[in-house]
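So the structure is just underneath, and the comments pick up after that.
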Amino acid sequence: GSTYTDDDGTTVSCTVVKSAVSEGSDSKGTLYCKGDMTVSGSGSLSVTQAYKNCIASKSVLTIDGGTFTLTSTGKNGLMGDSSVVVNDGTITFKGTGSVSSSTYRKADGIKTDTDDSTSSVYINGGTLNVTTYNGKGIGSSKVYIAGGTNTFNVTGVTGYTNDSNTKISYVDADGVSYSNQSVNFAAEGIEGASLIEINGGKTSVTATDDGINVSDSSASFYMNDGYLYVKSTGGDGIDCNGNLYIKGGYVVSYAPTGSEDSFDSGSKIYVTGGTFAGTSGSSMAISEYSTNGQKVLYFSGSSSSNMRPGQSSSSSSSFSKVAVQVSGSTVYAYSLPSSSFGLFVMSCPSFTSSSTSSYSVYTAPTISSNDFNGLCYESSTLSAVSTGSSTSTPSIK
């Protein structure tokens with residue numbers, strides 16, 4: 001069933017009957033267009049138990065305004081074969097998928113045709129809230145985030161995560177039967193096959209698997225501006241199989257378990273700007289950071305046995321807060337999610353020296369307030385930090 005409210009405030013109810021819709025063999029959604037589709041205005045639309053995708057375009061889907069409440073069991077909220085563009089509006093998506101010996105369904109918040117290497121998702125504004133089980137927040141070849149307030153909460157069945165050798169016979173969300181098929185599922189917050197670029201907005205991601213994943217070996221991740229919070233409960237915080245670039249903005253990335261990393265690259269991690277903090281289950285990824293550009297301070301923690309051969313580290317550390325002074329001024333402060341970590345990394349534009357004597361590091365400060373998920377960067381919050389007397393010497397990369 002679906003309802004919408006027009007610009008005059010009139011609420012209209014309609015019923016979508018699956019058997020009737022399925023007569024159009026290429027229909028891909030409850031609300032579907034074979035060409036470009038643009039949705040705008042101040043009205044509202046609710047789609048529950050969608051037929052295939054909730055809103056779909058065979059080409060470009062653009063959301064310029066409106067309030068959307070979308071629910072799907074096994075398909076996507078917004079689907080555009082070539083691209084999805086969100087410029088404004090409030091979009092809430094709740095997806096439920098399943099992976100078992102008889103069913104295999106994935107419900108992504110926003111999806112494009114990932115077989116098309118040019119397909120893209122653009123988030124330029126609005127409010128986006130995605131909660132899905134057995135799906136991704138965004139799945140596309142390329143993802144660009146330049147604005148908006150974006151929240152993704154993605155969970156899934158970990159027994160099938162990244163397991164391409166599992167074969168099952170199942171019925172998918174369209175009622176099509178498949179026999180002895182390989183399935184590969186990952187409950188990731190945002191996945192872009194070749195590129196993810198963040199240029200603005202406030203984005204928060206929690207996920208069972210990688211919070212952010214850029215999967216191709218030649219792929220790139222760029223953090224240029226904006227705010228990004230990532231927490232993974234069973235994968236990497238930010239994982240790029242190519243080069244990972246941090247050039248600006250504010251980032252907090254948390255990967256608490258096992259051999260997972262807050263920032264992980266298949267090649268190199270280049271830091272030339274920005275303020276960030278990362279807490280990892282392992283210490284392995286420190287060798288991936290480039291020695292050029294803005295410096296990265298780090299501490300190896302209780303999981304320092306995960307260090308790669310020949311990798312140097314500071315003494316094992318355990319603390320839940322940290323503040324850093326450069327030339328007597330507090331330039332960095334952060335409240336960690338936990339005092340248990342394998343590696344804690346941090347950086348800000350004031351970290352320019354390779355000498356540990358240039359930094360005074362306090363691991364028991366009093367941090368009365370923060371600006372972004374435990375991270376202090378405004379002068380008002382930094383000036384309120386009381387450093388205390390407990391000091392420690394970090395390593396520098």
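Brief remarks follow.
- Test: Gly201 is of a type outside the set (A, V, I, L, M), open to solvent by 10 Å² or more (accessible area, probe 1.4 Å), on the phi > 0 side of the Ramachandran plot and in contact with a Gly (Cβ under 8 Å, 6 or more places away or on another chain): yes
- Against the numbered list (1) of a type in the set (Gly, Ala, Ser); (2) in contact with a Leu (Cβ under 6 Å, 6 or more places away or on another chain); (3) open to solvent by less than 50 Å² (accessible area, probe 1.4 Å), Ser320 comes up short only at (3).
- Residues that are touching a Ser or Thr at 6+ places or on another chain (Cβ under 7 Å) and either surrounded by fewer than 17 Cβ atoms within 10 Å (Cβ to Cβ) or among the charged types (D, E, K, R) (or both) were ranked within segment 41-51; the one that is nearest to Gly89 (Cα to Cα) is Ser44.
- Which numbered condition Asp264 misses (of (1) closer than 22 Å to Ser141 by Cα; (2) touching a helix residue (DSSP H, G or I) at 6+ places or on another chain (Cβ under 8 Å); (3) not in a strand (DSSP E or B)): (3)
- Test: Leu61 is in a strand (DSSP E or B) and touching a Cys at 6+ places or on another chain (Cβ under 7 Å): no
- Elements of the type strands (runs of 3 or more DSSP E) sitting completely within segment 88-138 and holding at least 1 residues that are closer than 19 Å to Ser72 by Cα and of a type outside the set (A, V, I, L, M): these cover 90-96, 110-112, 127-133.
- Enumeration of residues in segment 255-265 that are open to solvent by 10 Å² or more (accessible area, probe 1.4 Å) and in contact with a Gly (Cβ under 6 Å, 6 or more places away or on another chain): Pro256, Thr257, Gly258, Glu260
- Per this entry, Ile269 is counted among residues that are touching a helix residue (DSSP H, G or I) at 6+ places or on another chain (Cβ under 6 Å) and modelled with pLDDT of 95 or more.
- For Gly109, the conditions (1) open to solvent by less than 20 Å² (accessible area, probe 1.4 Å); (2) farther than 20 Å from Leu45 by Cα; (3) modelled with pLDDT of 90 or more are fulfilled apart from (2).
- Set side by side, the residues Tyr245, Tyr250, Tyr222 differ, and just one is touching a residue at least 40 places away in the same chain (Cβ under 8 Å) and not hydrophobic (A, V, I, L, M, F, W, C), which is Tyr250.
- Of the numbered criteria (1) open to solvent by 10 Å² or more (accessible area, probe 1.4 Å); (2) small (Gly, Ala, Ser); (3) part of a loop (DSSP other than H, G, I, E, B), the one Ser287 fails is (3).
- When segment 370-389 is filtered for residues that are open to solvent by less than 60 Å² (accessible area, probe 1.4 Å), over 19 Å from Ser204 (Cβ atoms) and in a loop (DSSP other than H, G, I, E, B), the ones remaining, listed by number, are Ala384, Val385, Thr387, Gly388.
- Strands (runs of 3 or more DSSP E) wholly inside segment 157-201 that include at least 1 residues being modelled with pLDDT of 70 or more, among the hydroxyl-bearing types (Ser, Thr, Tyr) and more than 30 Å from Asn224 (Cα to Cα): 166-171, 177-183
- Whichever residue in segment 233-250 is under 11 Å from the mean Cα position of the chain (by Cα) and part of a strand (DSSP E or B) and, among such residues, is surrounded by the most Cβ atoms within 10 Å (Cβ to Cβ): Ile238
- Among all residues of segment 89-100, there is none that is open to solvent by 20 Å² or more (accessible area, probe 1.4 Å), out of contact with any helix residue (DSSP H, G or I) (no Cβ under 8 Å at 6 or more places or on another chain), modelled with pLDDT under 95 and under 17 Å from Glu191 (Cα atoms).
- Cβ-Cβ under 6 Å pairs, at least 6 apart or on other chains, segment 124-149 side closer than 17 Å to Asp209 by Cβ and free of Cβ contacts under 8 Å to residues at least 60 places away in the same chain, far side surrounded by fewer than 24 Cβ atoms within 10 Å (Cβ to Cβ) and of a type in the set (Lys, Arg): Thr131/Lys94
- Leu195 passes every criterion in (1) over 25 Å from Cys54 (Cβ atoms); (2) open to solvent by less than 10 Å² (accessible area, probe 1.4 Å) apart from (2).
The values are calculated or read from the model by the stated rules, or taken from the named source; none is laboratory data. Everything numeric in this text was worked out from a predicted model, so none of it was measured. Glycine gets a Cβ as well: all are built from the backbone with ideal geometry, and neighbour counts include every protein chain shown. Only protein heavy atoms, including side chains, enter the accessible area calculation; ligands, DNA and RNA are left aside. Shrake-Rupley method; radii C 1.70, N 1.55, O 1.52, S 1.80 Å.
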